[in-house]
């Protein structure tokens with residue numbers, strides 16, 4: 001579904017189907033088998049979406065969110081895609097509180113809509129990494145400072 005999907009990718013998929021891979025079963029196991037705790041976490045993340053400046057969609061998950069939903073940080077997978085799909089979004093960001101689980105207080109995941117923004121450049125400014133469309137960094141900055149930093153990056157032409 002991304003720009004690196006090419007004819008070769010589809011030929012490989014066709015070969016897998018010809019070899020007997022059950023596409024429907026694989027899809028259901030990957031995308032339609034979600035624990036209730038994850039859905040509760042997704043709901044909290046969606047409720048917390050902010051659009052603090054033009055082109056930025058952001059949400060923030062706290063330790064209280066994980067505790068209240070009975071979920072874990074591994075259940076944040078895919079949340080950022082909801083933000084990236086918001087109309088007008090150039091950069092989506094999910095800020096996750098790490099508490100005692102990390103060397104820094106927060107982890108910031110970034111995704112670009114492909115609208116000329118290289119999120120890896122933004123992440124590298126805080127010793128993070130990734131690639132043009134997906135990157136991240138860890139930080140001790142407070143949420144408001146992260147939002148300000150990201151808005152500055154979008155404004156200055158990141």
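Since every read-out is calculated from the coordinates, none of them should be taken as a lab result. Just so you know, these numbers come straight off a predicted model, no measurement behind them. Counting neighbours? That spans all protein chains shown, and the Cβs are built from the backbone with ideal geometry, glycine included.
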Can you give the calculated 222 nm mean residue ellipticity of the chain, where each DSSP H run of n ≥ 4 adds -39,500 (n - 2.57) and the sum is split over every residue, rounded to the nearest 500 deg cm²/dmol?
-12000 deg cm²/dmol
If each of residue 124 and residue 11 carries a label point 7 Å out from its Cα toward its Cβ, how far apart are those two points in nm?
3.4 nm
Computed from these coordinates, which is Cα extents along the principal axes in Å: (1) 52, 38, 30; (2) 39, 38, 32; (3) 45, 37, 29?
(1)
What is the helix-to-structure angle for 143-155, meaning the angle in degrees between its Cα long axis and the longest Cα principal axis of the chain, kept from 0 to 90 and rounded to the nearest 10?
70 degrees
Please compute the modelled spin-label separation between residue 19 and residue 143, points set 7 Å along Cα→Cβ, answer in nm with one decimal.
4.6 nm
In degrees, nearest ten, helix 36-47 long axis to first principal axis of the chain (Cα):
50 degrees
Extension gain (nm, one decimal) between residue 32 and residue 53, 0.36 nm per residue minus Cα-Cα:
4.2 nm
